Amino acid sequence: MKSSFSVNVSLEEEGAEQVFKPQEVEVERIKTSAKDRPPTKFGITNGGKHQKSHSVAWSFFIDVVEKQAGSLADVLQYFYQSIAKVFYADELREGESASTVKNKNGQYVKTDYAYQMLINEMQHYNLQQLLTDSYTISQWNEILSHIVQTYVRAHQAARMASFNKKAKGRGEASALGKLNRVESILNDEETLDKLGEIVELFERVSIEEEMDTDPDEEAEEVQAEPEEDPSEDEAEELSEEDLNKLPPLDKAKHHIIAAAKKLIDFSAQSQKPDDLGNSLYLFREQLYKGFPTLAGQMGEQIMEALLKDDARKTAYEEAKQRFQSPTLADEMDAKIESIPRYVPAKNETTFTVNVALRSGGEQDISADKLKVTGIQASDNDRPPTKFGYEQGNPGKQRSHTVAWSLTMSALKSAKGTYAQVYEKFYWKVADIYEQDSDGNQYARDVIQKSGVAEWKSPEEILKTPRPVSEWHSLLTTLIQTYVEAHQASQMASYSAEPKSNGEPEALKQLAKWEADLKADPHKPATPIQIQSLASHARKLLDIPLQARLELHADNLKWAANTWYSHLEEAYPNVVARFGDAIKATVT
């Protein structure tokens, strides 16, 4: 089962640093925590929860983001130009006033949030300077990861990205998968001549009937809205009888256009003309970036099918005028320099971007020249537990024995020399492989499929000098394998429906005491305060009677040991001072 869980490791080189211009660096891969969606404009004004309907399907949007590879200079320019389009799309037009909405927390926020956010985030950069500067591989990794993350966050928050209609599955994932397959066929054949395979691909399971609902969107509470009339796109679908009368080429093209339409959604009642035009323009760009061969042959036919409606066509043409400048990114840089920084509403997200970079000119360096300065990971894009594997549904998490939030806190606390962090996670993986010996052994499968099970000992790995890009890849793979294996292990979950045990407040209190004790290791604590803090720590371990009945005694002990180990890693000063009281809560 594929997981979209993503980890990004920040490395710092010591001593003589080898630097590169972006033209000398290749982007091999971009991976995101695709299931951890940053807030849309509705989430920002409603406490971060609601997404509503996306104009361009999220699955399609993030698929295109992850496909970008090649020269770092080219990739930087693509994302920078894309950011500039979001910036100008979200800028208030002449005569518009900034509408202000009160969110659930009682805060007043402006609806042009993406514009505000980009003024803050992009003040760190200048495109022309980036294209001529030289940085280490680690520094380029940080820069590109942040720019991609900023683009995704800003696009999600932009006015054009979503509209006030109940979100529902439209067959996007199925359509996206099939169009990717068509792109692969065309890359092999370069023409639509292989019609039989294309037609069979679409007719194996009708995309009109396959509704791959997104459970996160279906679960949203939405305001009551009037039912909209069937769209022109839905009304013009052909019957099976009429479809079978078409010549093979026309039949294949019909299927392709119908699938492409699944990746964009409209609402005449809920979208302003500017937002409609901007989303259509973005869709065309995504189409050509995501399926370059297919779009080269059918891109304009797909757009013609979408633009039969006069209102759409007018809005699209106006958007083209808005974004046609080839120096849009430079214009944004100049404008941002002249604008005071905003203090926008919080856009809480742990959306994570991991990029793999490489340069042919890299020299090997030893591990002792590297430090791990931080680990970023998504709190919301959880890999499957054993129940996800059993049911073939990664969303079936069930209850965790050790709170996921504590696991993430411990993970993100890992810092130090490269060797220290590498050895820590290597032995964590080895421990899971050793202990996950009963049941279905999903964790062992994860470790074996990652290749980590075949790796040499830490001593052998760490003694061999390597390029920084390889060190980064090794540690990223190791940490990701650890998290996925931990989640899949027998001890990590039991079958009860998940419920809150007060984890947020527990984490808040532990973090407060950790900060206080770091500043003053001898801070006074009354017996009641110690008991309260120990009780908060205990809330992060959930082994009620049901768990005790389901899990083997060895797994219960393993869970308790993991809980305490995570506490030591995340809150070392708290455990050093109050460890005995915390241990006493586990009987």
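Kindly indicate the residue of region 459-485 that is touching a Pro at 6+ places or on another chain (Cβ under 9 Å) and open to solvent by 10 Å² or more (accessible area, probe 1.4 Å) and also nearest to residue 364 (Cα to Cα) among those meeting that condition.
Taking the candidates together, the pick is 480.
Is it the case that some residue within region 536-549 is at negative phi, polar (S, T, N, Q), over 30 Å from the mean Cα position of the chain (by Cα) and open to solvent by less than 60 Å² (accessible area, probe 1.4 Å)?
no
Just name the residue that is modelled with the lowest pLDDT out of those in region 550-570 that are open to solvent by 30 Å² or more (accessible area, probe 1.4 Å) and of a type in the set (Gly, Ala, Ser).
It comes out as 553.
Only residues that are farther than 22 Å from residue 291 by Cβ, open to solvent by 40 Å² or more (accessible area, probe 1.4 Å) and within 21 Å of the chain's Cα centre (by Cα): list them for region 145-180, please.
The answer is 146, 149, 168.
Restricting region 347-392 to residues that are aromatic (Phe, Trp, Tyr) and under 22 Å from the mean Cα position of the chain (by Cα), which is nearest to residue 464 (Cα to Cα)?
Filtering region 347-392 for residues that are aromatic (Phe, Trp, Tyr) and under 22 Å from the mean Cα position of the chain (by Cα), the one nearest to residue 464 (Cα to Cα) comes out as 351.
Just a yes or no: is a residue in region 435-446 small (Gly, Ala, Ser), open to solvent by 50 Å² or more (accessible area, probe 1.4 Å) and not assigned by the TED database to the domain that holds residue 10? Show your work before the answer.
Restricting attention to region 435-446, the residues satisfying the condition of being small (Gly, Ala, Ser) are 437, 439, 443.
Those left that are additionally open to solvent by 50 Å² or more (accessible area, probe 1.4 Å): 437, 439.
Keeping just the survivors that are not assigned by the TED database to the domain that holds residue 10 gives 437, 439.
Checked against the condition, which is being small (Gly, Ala, Ser), open to solvent by 50 Å² or more (accessible area, probe 1.4 Å) and not assigned by the TED database to the domain that holds residue 10, region 435-446 yields at least one hit.
Quick test for you: out of 265, 188, 193, 214, pick the one residue that is at pLDDT below 65 and in contact with a Lys or Arg (Cβ under 9 Å, 6 or more places away or on another chain). I'd like the intermediate steps shown before the answer.
Values: 265 fails: at pLDDT below 65; 188 fails: at pLDDT below 65; 193 fails: in contact with a Lys or Arg (Cβ under 9 Å, 6 or more places away or on another chain).
One residue alone meets the criteria, 214.
Could you check region 359-436 for helices (runs of 4 or more DSSP H) lying wholly inside it with 1 or more residues that are β-branched (Val, Ile, Thr)?
Answer list for region 359-436: 404-412, 418-435.
Only one of 142, 183 is open to solvent by 40 Å² or more (accessible area, probe 1.4 Å) and either of a type outside the set (Gly, Ala, Ser) or not in a helix (DSSP H, G or I) (or both). Can you tell me which? Spell out how you get there, then give the answer.
Working: 183 fails: open to solvent by 40 Å² or more (accessible area, probe 1.4 Å).
Of the residues listed, the single one that is open to solvent by 40 Å² or more (accessible area, probe 1.4 Å) and either of a type outside the set (Gly, Ala, Ser) or not in a helix (DSSP H, G or I) (or both) is 142.
Helices (runs of 4 or more DSSP H) wholly in region 240-330 with at least 3 residues that are loosely packed, with under 14 Cβ neighbours inside 10 Å - which ones? I'd like the intermediate steps shown before the answer.
Values: elements: 240-245, 248-261, 273-290, 292-306, 310-323.
Where helices (runs of 4 or more DSSP H) fall fully within region 240-330 and carry at least 3 residues being loosely packed, with under 14 Cβ neighbours inside 10 Å, they are 240-245, 248-261, 292-306, 310-323.
Residue check: is residue 408 free of Cβ contacts under 8 Å to residues at least 60 places away in the same chain, buried (at least 19 other Cβ atoms within 10 Å of the Cβ) and not assigned by the TED database to the domain that holds residue 272?
It is true that residue 408 is free of Cβ contacts under 8 Å to residues at least 60 places away in the same chain, buried (at least 19 other Cβ atoms within 10 Å of the Cβ) and not assigned by the TED database to the domain that holds residue 272.
Given the structure, is residue 81 surrounded by 13 or more Cβ atoms within 10 Å (Cβ to Cβ), at pLDDT 90 or above and among the polar types (S, T, N, Q)?
On the way: surrounded by 13 or more Cβ atoms within 10 Å (Cβ to Cβ): yes; at pLDDT 90 or above: yes; among the polar types (S, T, N, Q): yes.
Considered against the rule, which asks whether it is surrounded by 13 or more Cβ atoms within 10 Å (Cβ to Cβ), at pLDDT 90 or above and among the polar types (S, T, N, Q), residue 81 comes out as yes.
Is there any pair with a first residue in region 282-311 that is farther than 15 Å from residue 180 by Cβ and among the charged types (D, E, K, R) and a second that is open to solvent by less than 60 Å² (accessible area, probe 1.4 Å) and modelled with pLDDT of 95 or more whose Cβ atoms are under 6 Å apart and which are 6 or more apart or on different chains, and what are they?
Close Cβ pairs satisfying both conditions: 284/303.
Residues of region 400-425 being touching a Ser or Thr at 6+ places or on another chain (Cβ under 8 Å) and more than 16 Å from residue 383 (Cβ to Cβ), which ones?
415
Restricting to region 331-344, count the residues that are open to solvent by 80 Å² or more (accessible area, probe 1.4 Å) and not in a loop (DSSP other than H, G, I, E, B).
1
Among 276, 280, 249, which is the only one that is of a type in the set (A, V, I, L, M, F, W, C) and under 21 Å from residue 62 (Cβ atoms)?
280
Being outside any loop (DSSP other than H, G, I, E, B), modelled with pLDDT under 95, open to solvent by 20 Å² or more (accessible area, probe 1.4 Å) and within 21 Å of residue 331 (Cβ to Cβ) is the requirement here; does residue 94 meet it?
Values: outside any loop (DSSP other than H, G, I, E, B): no; modelled with pLDDT under 95: yes; open to solvent by 20 Å² or more (accessible area, probe 1.4 Å): yes; within 21 Å of residue 331 (Cβ to Cβ): yes.
When the stated conditions are applied, residue 94 does not pass them.
The values are calculated or read from the model by the stated rules, or taken from the named source; none is laboratory data. Just so it is clear, the model here is predicted, and its values are computed rather than measured. Here the Cβ is made from the backbone with ideal geometry for all residues, glycine too, and neighbour counts use every protein chain on show. Keep in mind that these areas ignore ligands, DNA and RNA; they rest on the heavy atoms of the full protein, side chains included. Shrake-Rupley method; radii C 1.70, N 1.55, O 1.52, S 1.80 Å.
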